[in-house]
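Where a number appears in this text, it was derived from the coordinates with a stated rule and is not lab data. Because the structure is predicted, anything quoted here is derived from the model rather than measured. We place every Cβ from the backbone using ideal geometry, glycine too, and count neighbours over all the protein chains shown.
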Amino acid sequence: MGKEDTSTKKRRKLNTSLTSDSNKQVPVDVYKRVVEFEESEAQSRSAEKDAALFKKICQDVRQLFAEIAELKAKGTDEAKEKIHAKRIEASLLLVALKKLNRLEKVRTRAGREALHKEKQRVDSTHLLLQNLLYEADHLNKEVTKCLQFKSKDEEIELVPLEDFYKEAPKEISRPEITKNDEHQLQLARLEWELRQRRELAGACNELVASKERVAAAIAAARSRLDALAPHLRDVLKATKPLQECLALRLDEKRDEARAASLLPPPLFLLYANASAYSDVLGVSHLTVGISGDEDEARRWEQLNTNSMGSELVVSNDSDSDQDNNDEDQREKKKRHHRTVKISKEEKAEAKKKQVLQRHPLNVQVSVKVDDGTALNLIFFYLLNLKIVVVKFSMSLPKPITGVSAADVLNGDCILNELYTGDTGNDSPHPATTYLLNAAGITENFHHFIPEIGKPYVWAQRMCGLDFMAVVLDEHKVYKTFQPCQSLSVASVENFIFTLKKRLKARVELMKELQDLECGKILPVKDLPIRLSGSLTQWQSVGWPEYSQSPSTTFLISEGLASADNMLYRAIVTRQSAKLVALVALSSDYPKKSPLFSLTLHWNGTHHAGINDDIRDIERLLNTNWDEENSGTHTLSAKMTKLLTCIDILLETTGSIEFPPDKVMFRPVRGRNRIKPYKFIKQGAGLFVQY
C-alpha cells in the first residue's frame, strides 16, 4: 500500500507538472483566440443592438441595486439569501457590460484605422492632383512664352504688302507660293528689303563721295580766303599806332558792339548805361563786360525763341496730352515695336529747364572801392519768365582773418535790402506764378533762387523793367512790356553810388570786426579815459540764440531786431563781473546805429527787464543821447562807450572789488540813483549825470 501510494503521488506530481507547463503556454494562445473572436464578433454584431442591450442591462443593474437596498433595509435571513443571489446576478450583468465595452472599443479602433487609411488615400490623391496642376501651369507658361516670342525680323519695318507685289520682281515675290505660305512670304519680303538696302547703301556711298568733292572745293576756296587774313591783319596792325595816338579803342569797341547787338533788350539797356558810367568813373571804380556763348545767342536770335517761349510753356500740358494719345495709337498699331518712353521725372525736369531758360549772354558789372575790394555782379535774363536775375561774388585784395568779419563782405549780405524791403527772395513779376503753374511746376519760385540767382527789384529797374503796372488782358495772359530807357538811366546811376556807399561801409565794418575779434577797441577822442574792463570774446551768433535771450525780448517785440540783421555776441569782463552784450546790426549800418542787449553776471543775473541801471545803459547806447559828444555811431565807438558805462556802473556800486578809477561829480543822483554816464571835457575829464 505504501509503494502504490508513493507511485500514485509521483504520477500525480508528474501530471501536475505537465499540466502546469501546458497551462503556461495556453493563456497566450487563448488570449489571441479570444481577441480574434471578439474582433470577429464585433464586426458581425450590430452596434445598434449592442447599444440597446447595454441600456437594458444598465436598467436591470439599477433595478437589482434598488432591490438589494430594500432587502438590506429588512435585515432578515431570507433577505440575506436573496441579496446573495441578486449580487451574483448583478455581477453577471457587469461582466456582460464589460464585454459590450470591449466590443465597442474594438469597433472604435477598427473605425479609426479605416479612417486613417482613407485619409492616406485622399492625401496621396491630392498630392497627385497638385503635381498635375503644377505641370499644367508650367506648360501654360511655356506656351505663353512661345506665343510671345518675337524674332529680330519683326523689328524691321518692311514695305507694305501691296507695294511689295507691285515693285518686287517675280523671282523674289513668287506670288503663286508666297500668297499661300506666310513663311515664304516673310522670307521673300526680307530678301527684297535686303536688296533695297544694298542699293540705298550704294547710293549713299556715291553721295558721300560727292559731298567730299564739294567739301574739298569749299576747303580750297576757304584756304584762298584765309590767305587774305594775314594781309588784312597787317593792314590793321599798321593802323594801330594811329589808333593809339588818337586814343581810339576801335578793336575792343568793335568786339563789344558785336556782342552787345546779340543781347536781349533789358540787358542791352543795362550794358549801355553801365558802360557810360564806367567811362565817366573809370575802370578803377566800375568795369562792365559781356560773357557767354555768342554762337548760341545768334541761333536763338534766328529762331526767335524770345517770342515763342511763353507759348511753349503754356501749351506744354496740352501738347503732352496729345503726345500721349498719339503714343497710345501707335502702340495699338505696332505693339511688337519697342518704343523709348520718357518718364514723368524727365518730363518735369525738361519743363523746368524750359521755364527757367536763360539767354546765352550775360552782363558782368564789377564795382570797386579804393582799397581794391570789388563786388562782381552777373546779370542773366530769363527768356520765358521775362525777369532779370543776379548772381554775385566778392574779390578781396587780401584774405580776411576774422570769421564774423568775413560774413559782412559776403555778396548776399551786402545786397540784402540795399533798398528797403528788397531782399530778392521772390519774383517781382506777377506773371511768374501763373507761368510756373501753366507749365505744371508745383514748386514755388523761391525754390529755384539758389540755382538761377536772385531777382532783385533794383536789377529789374536797372534793365528798364517795371512790373508795378502789370494788367491782365481778356485771355488772362500777361502782356509783354518794353524796357524803359529813362528808368534804366536813373536806376543805374542811383544803384552804382548806393552800392559803392554800402561797399565802403562794409569794408570799414570788416576792419572793425577784425579788431573786435582780436580784442582791440580803438580809442575815441571824445572819451580819453583808460578802460578797466576788457573785451574777451566777439563772435557772430544765430537768430535762435539771439531770440531766446531774455534781454532781447523788448527789441524783438517792437520789431527793432529780426533774423535779417547781423547778430553778434560780445563778452566784457572785469574781475568777477561778466557782461554779455548781444549786438544787432541792420543792413543800413552805419546809417542805423547798432542795437545792444545787455546781461550782467555779477551778484546774480541782471538785464534791462529787471535792472534799471542796465536799462539806462541800453537807452544811452541805442538812442544816441551823446550824439553831440561822440560825433559818430560806429560799432567801435559804441563798444568804447559800453566799456566806459560798465566801468562807471561797477565803480559806483561801492564794492571794494571795483575801486573808483574815474572822476565823478556824484556817484548817484535822484530818487532813481542815476549813474554819471555823461562825460564832460574839464581838465582830465569828469563824469556827470544826464
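I'd like to compare 263-271, 680-688: which one has the highest average count of other Cβ atoms within 10 Å, and what's the full order after that? Walk me through the intermediate numbers first.
Working: 263-271: 22.7, 680-688: 13.0.
Highest-to-lowest ranking by the protection proxy: 263-271, 680-688.
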(request) With the Cα gyration tensor of the range 111-187 in hand, convert its eigenvalues to equivalent ellipsoid semi-axes via √(5λ) and list them largest first in whole Å. (result) 59, 12, 7
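Compute the length gained on full extension between H84 and L158: take 0.36 nm times their separation in residues and subtract their Cα-Cα distance, giving the result in nm to one decimal.
Values: separation 74, 0.36 × 74 = 26.64 nm, distance 11.51 nm.
15.1 nm is the gain from fully extending H84 to L158.
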(message) Report the gain in length on full extension from R671 to L187: 0.36 nm times residue separation, minus Cα-Cα distance, nm rounded to one decimal.
(response) 162.6 nm
(message) As I understand it, the dipole of the range 150-231 uses +1 on the Cβ of Lys and Arg and -1 on the Cβ of Asp and Glu, about the Cα centre. Which of A227, L158, Q184 lies farthest toward its positive end?
(response) A227
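Using the Cα centre of the range 249-294 as the reference point, and only Cβ charges (+1 on K/R, -1 on D/E), how large is the resulting charge dipole? Debye, rounded to the nearest 20.
Numbers: 4 positive and 7 negative charges, 28 e Å.
The calculation lands at about 140 debye.
Sorted by average packing, counted as other Cβ atoms within 10 angstrom per residue and highest first, what order do 97-109, 139-151 take? Don't jump to the answer; show the numbers that get you there.
Details: 97-109: 14.3, 139-151: 9.2.
Output ranking for 97-109, 139-151: 97-109, 139-151.
Going by average Cβ neighbours within 10 Å, how do the peptides 291-301, 202-212, 51-61 rank, with the highest at the top? It would help to have the intermediate numbers written out before the result.
Numbers: 291-301: 14.9, 202-212: 10.0, 51-61: 13.3.
Most protected by this proxy first, the peptides run 291-301, 51-61, 202-212.
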(request) Go ahead and run the numbers for FRET between S395 and K520, Cβ-Cβ distance against an R0 of 25 Å, rounding to 0.05. (result) 0.40
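So if we plug the beta-carbon distance of S284 and A209 into 1/(1 + (r/R0)^6) with R0 = 45 Å, what FRET efficiency do we get, rounded to 0.05? Could you put the intermediate results ahead of the total?
Working: r = 61 Å, r/R0 = 1.35.
With R0 = 45 Å, the Cβ-Cβ based efficiency is 0.15.
Please give the per residue volume of the convex hull enclosing the alpha carbon atoms of the range 198-299, rounded to a whole number of Å³. Present the calculation step by step, with values, prior to reporting the outcome.
Values: hull volume 14.9 nm³, N = 102.
Residue-normalised Cα hull volume stands at 146 Å³.
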(request) Note down the nm distance, to one decimal, between modelled labels 7 Å out along Cα→Cβ at K237 and at E167. (result) 6.1
(request) Please turn the phi angles of the range 374-383 into ³J(HN,Hα) values with the Karplus equation 6.51 cos²θ - 1.76 cosθ + 1.60 (θ = phi - 60°), one per residue in order, whole Hz, x for glycine and proline. (result) 9, 10, 9, 10, 10, 9, 10, 10, 7, 5
(request) At 7 Å along the Cα-to-beta-carbon direction for both R258 and A114, put a label point, then send me their distance in nm to one decimal. (result) 11.1
(request) With 20 Å as the limit, write out which pairs from K351/K386; K391/K591; K253/K501; K353/K454; K152/K179; K398/K511 have Cα-Cα distances beyond it, or answer none. (result) K391/K591; K253/K501; K152/K179
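Given Cα positions, please report Rg to Rh for the range 40-153, the hydrodynamic radius being the Kirkwood one.
1.62
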(message) Using the basic label-point model (7 angstrom from Cα toward the beta carbon), what is the L194 to V35 distance in nanometres?
(response) 8.5
(request) Specify whether the C-alpha gyration tensor of the range 571-690 places it in the rounded, prolate or oblate class, a ≥ b ≥ c being the square roots of the eigenvalues: rounded for a/c under 1.5, otherwise prolate if a/b is larger than b/c and oblate if not. (result) oblate
(request) Using amide H atoms built 1.01 Å from N in the peptide plane, name the residues 5+ places from Q537, or on other chains, whose amide H lies under 5 Å from its own. (result) I571
(request) Could you state the orientation-averaged shadow area of the convex hull built on the Cα atoms of the range 481-564, in nm² to one decimal? (result) 10.4
(request) Let me know the charge dipole size of the range 50-90 about its Cα centre in debye, to the nearest 20, where only the beta-carbon of Lys, Arg (+1) and Asp, Glu (-1) is charged. (result) 120
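For the range 427-467, build the convex hull from the C-alpha positions and give me its volume per residue in Å³. Present the calculation step by step, with values, prior to reporting the outcome.
Working: hull volume 2.9 nm³, N = 41.
It is 70 Å³ per residue.
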(message) Using the Kirkwood radius over C-alpha pairs as Rh, can you work out the diffusion coefficient of the range 493-625 via Stokes-Einstein at 4 °C, viscosity 1.567 mPa s, in µm² per second?
(response) 80
